Structures are given as structure tokens and as C-alpha cells.
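The values are calculated or read from the model by the stated rules, or taken from the named source; none is laboratory data. Note that the structure is predicted; figures quoted are calculated from it, not measured. No Cβ is skipped: glycine too gets one built from the backbone with ideal geometry, and neighbour counts run over all protein chains shown. Each accessible area value is taken on the protein alone, full model and side chains, heavy atoms only, with ligands, DNA and RNA left out. Shrake-Rupley method; radii C 1.70, N 1.55, O 1.52, S 1.80 Å.
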Amino acid sequence: MTGTTSPIEAARRLAAIYGHRLDLPVVYTQGVGISGRLRLHALDQSSPDPAPQISELVAPHVASPESMSGENGGTANFAGVCWADELSDATGDQTYSRMLVDVANRFEVPTASEPIRPPLDRDIRVEDFFFAGTLLGRAYRLTGQAKYVDILASLLMTADTQQPGGLWWHCRASPFLWGRGNAFAAMGFAETLTYLPTEHPHREDLLARHVAHLEGLESHQDSSGMWRQVIDRPDSYLEHSATSMIGYSLARGLRMGWLGDEWRAVAEKAWDGISERIGPAGELEHVCVGTGPQPDIQSYLERSYSDGLDDRGGSMALWFAVEMAALQG
């Protein structure tokens with residue numbers, strides 16, 4: 001691939017490729033890219049304003065929101081509208097934000113007897129940490145209604161699959177330290193902490209769980225800056241999307257102030273690793289394919305990956321690039 005590229009240069013390159021599609025059913029892998037394009041322009045006003053093109057792109061879906069997630073839609077689909085509040089900010093049209101809140105209302109409020117309720121998976125799938133965190137946090141920002149962050153806090157405080165070394169299982173049924181699974185967990189906490197009010201009674205506990213996780217991840221960061229397909233297995237491949245997602249979580253925490261400056265070197269090392277693996281036309285190295293819970297560790301080790309253009313990896317790399325550019329100022 002290429003040598004190390006500055007975050008803003010990489011963001012421009014990635015934004016030219018990713019975030020230009022929104023297929024049905026809507027899914028986070030494309031939604032994050034759309035958000036990334038909007039974030040880039042908000043940070044760098046000299047970049048092309050994507051809002052008019054994005055408004056056209058999403059118009060059919062906004063006109064028929066019931067079709068966006070399909071009949072069997074779940075949290076991965078719901079997180080696919082993570083761009084909506086940002087598009088409202090860019091255009092002044094609150095239709096998009098109202099749509100996001102409508103989607104967030106599909107999450108059921110927890111009770112004492114059911115702290116994790118549909119559509120969240122009671123098997124504690126770490127993907128939900130991010131899918132819920134990015135959507136419900138935004139709904140709280142838009143409405144001020146505590147129920148949204150209370151759902152998040154209930155999920156993250158109830159989750160019992162974090163291991164003594166800080167790392168997370170993929171889920172209860174798959175007690176394996178999948179790379180992108182741990183990245184979903186890191187992003188889920190980072191998104192939650194972005195929106196969770198400072199006075200929330202669980203904020204300090206959630207931050208402590210997050211930092212313990214990051215410390216566990218740091219101990220397994222490769223000398224290249226990358227993390228692996230299975231976090232603690234040096235015989236597994238270096239995986240692009242997990243590294244972007246963990247790097248984003250670090251950069252967000254540094255920029256927002258809940259992580260100390262000692263984490264900067266870890267984030268910069270991660271940036272060096274992924275930026276060296278972004279080609280001139282947005283090609284990426286080693287992005288693990290979509291992966292549900294697997295029956296054994298060998299299935300994770302042998303899980304295939306894509307080289308080249310990849311919505312999942314490209315969108316996450318774009319978020320990381322913009323966040324690093326914002327951190328650098």
C-alpha cells in the first residue's frame with residue numbers, strides 16, 4: 001500500500017469513495033461513511049459540501065422510513081441512520097433528526113427484571129454496544145430524554161462478558177476475543193460517553209470499564225500499530241477495521257477529555273498502522289468479512305477478509321481519520 005498519510009489527507013481520499021451509497025436495508029457499514037463525509041466538511045470547510053448530494057441519496061428512504069430496515073431489521077440496520085442528526089445540522093431540515101428519534105424509539109426501556117430488552121440481544125453481543133450507543137446517544141442529544149441514555153447504561157452495566165484482562169467476548173455463546181468485537185465494544189463505550197451527561201450516576205463506572213478495556217487492548221497492540229483478527233492470538237492476521245475502530249475510540253476520548261494524554265501515542269501508532277494500509281483509491285488491507293457468533297476459535301482465525309474497497313472498513317477508517325484530524329487541530 002502507501003506510506004503514512006496525514007489524517008486530513010486520508011479523510012479526503014476516503015470521503016471520495018465511501019459514504020456515497022445507502023442500499024436497502026440500510027446498514028451501519030454505509031451509514032457511518034455518510035456521517036464521515038458530513039464530519040469532514042464540518043471540520044474542513046474547504047472540502048466539498050456533501051449535504052446536497054447526501055440529501056438526494058437518502059430522500060427515497062426518508063420518504064418511506066418503514067422500508068429502511070426491512071422486515072427483519074435489527075440494531076445493525078437501526079445504526080445505519082447515524083448520519084441523520086448531522087444531516088439536519090448541515091441542512092437545517094429537522095426531518096432527518098425526527099426520523100432518527102423514531103428509530104431510537106424501537107428500543108424498549110429496561111425494567112428491574114429485564115435490564116436488557118429488545119431489540120438488544122440478551123446474549124450480550126458486543127456489536128450492540130456500538131449500534132445502540134451511536135443511535136441512542138444521538139436521540140438523547142436531540143430530545144434531552146433520559147430514557148435513551150438509561151437504556152445504554154443498563155446494557156453496558158449489565159453486560160457480564162468482560163474478562164479479567166479487560167477484553168470482551170463476542171457474546172456469551174461465543175466466548176472468544178474477536179478483534180472487531182472488541183472494537184465494537186470500545187466504540188460503544190466511546191459513543192455512550194460522548195453523549196452521557198457528566199452527572200449520570202453510572203458515568204464513572206462506565207468510564208472505568210472502558211479504560212480497563214483499553215488497557216487490555218494496549219497490551220496486545222502489534223508493533224505495526226494494528227490489532228489482530230483475534231486480539232490475543234499473534235498467529236492471526238492484522239485486521240484493518242478493528243484497528244480503525246479502536247483508534248477512533250482513543251482519539252474521541254482524547255479529544256473529549258476523558259482519556260489522558262498518555263493514550264495519544266497509542267492512537268498515533270494505530271493511525272500509522274491503518275494509514276499505511278490505505279491505497280491511493282481507498283483500497284484497504286485485510287478487512288474481516290461480516291461475522292456473526294462463531295462456534296470455535298478456529299472459525300475466527302480462519303475467517304476470510306477482503307483486500308480492496310470495503311464499505312465497512314472504509315467507513316470506519318474515515319471516522320478515525322476525521323477524529324484524528326480534529327484531535328490534531
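Given the residues A326, A321, which is the only one that is touching a helix residue (DSSP H, G or I) at 6+ places or on another chain (Cβ under 8 Å), open to solvent by less than 10 Å² (accessible area, probe 1.4 Å) and in a helix (DSSP H, G or I)?
None of the others qualify; the one that does is A321.
Restrict the check to segment 149-156 and report whether at least one residue is more than 18 Å from C82 (Cβ to Cβ), open to solvent by less than 10 Å² (accessible area, probe 1.4 Å), of a type in the set (V, I, T) and in contact (Cβ under 8 Å) with a residue 24 or more places away in the chain.
For segment 149-156, residues more than 18 Å from C82 (Cβ to Cβ), open to solvent by less than 10 Å² (accessible area, probe 1.4 Å), of a type in the set (V, I, T) and in contact (Cβ under 8 Å) with a residue 24 or more places away in the chain: absent.
Pairs please, first residue from segment 26-40 and touching a residue at least 24 places away in the same chain (Cβ under 8 Å), second anywhere and part of a helix (DSSP H, G or I) and acidic (D, E), Cβ atoms under 6 Å, 6+ apart in sequence or on different chains.
Close Cβ pairs (under 6 Å, with a partner that is part of a helix (DSSP H, G or I) and acidic (D, E)) amount to T29/D311; Q30/D311; S35/E86; L38/E86.
So R138 passes all but one of these: (1) buried (at least 21 other Cβ atoms within 10 Å of the Cβ); (2) under 13 Å from A185 (Cβ atoms); (3) touching an Asp or Glu at 6+ places or on another chain (Cβ under 8 Å). Which condition number does it fail?
(2)
From the list G290, G253, G313, pick out the single residue that is open to solvent by 10 Å² or more (accessible area, probe 1.4 Å), within 28 Å of L193 (Cβ to Cβ) and of a type in the set (G, A, S).
Within the list G290, G253, G313, the selection yields G290.
Could you list, in sequence order, all residues of segment 59-95 that are of a type outside the set (G, A, S), in contact with a helix residue (DSSP H, G or I) (Cβ under 7 Å, 6 or more places away or on another chain), open to solvent by 20 Å² or more (accessible area, probe 1.4 Å) and within 22 Å of L152 (Cβ to Cβ)?
The answer is E86, and nothing else.
Under 6 Å between Cβ atoms, which residue pairs at least 6 apart in sequence (or on different chains) link something in segment 273-297 that is over 19 Å from A321 (Cα atoms) with a partner that is surrounded by fewer than 18 Cβ atoms within 10 Å (Cβ to Cβ)?
As it stands, the answer is V289/S304; P293/A173, since those pairs meet every condition given.
Can you give me the number of residues within segment 179-213 that are more than 15 Å from the chain's Cα centre (by Cα) and either buried (at least 17 other Cβ atoms within 10 Å of the Cβ) or modelled with pLDDT under 95 (or both)?
Residues in segment 179-213 being more than 15 Å from the chain's Cα centre (by Cα) and either buried (at least 17 other Cβ atoms within 10 Å of the Cβ) or modelled with pLDDT under 95 (or both): 9 in total.
Taking the conditions exactly as written (within 18 Å of the chain's Cα centre (by Cα) and not small (G, A, S)), does L318 satisfy them or not?
yes
For residues that are of a type outside the set (D, E), part of a helix (DSSP H, G or I) and surrounded by fewer than 23 Cβ atoms within 10 Å (Cβ to Cβ), tally how many sit in segment 256-270.
6
Return the total of residues in segment 30-79 being among the hydrophobic types (A, V, I, L, M, F, W, C) and in contact with a Ser or Thr (Cβ under 6 Å, 6 or more places away or on another chain).
The total comes to 4.
For residues in segment 33-50 being among the small types (G, A, S) and assigned to a helix (DSSP H, G or I), which is most open to solvent (accessible area, probe 1.4 Å)?
The selected residue is A42.
Note down all Cβ pairs under 9 Å where the first residue falls in segment 197-216 and is of a type in the set (V, I, T), the second is open to solvent by 30 Å² or more (accessible area, probe 1.4 Å), and they're at least six residues apart or on different chains.
That search, which allows pairs on different chains as well, returns V211/W258.
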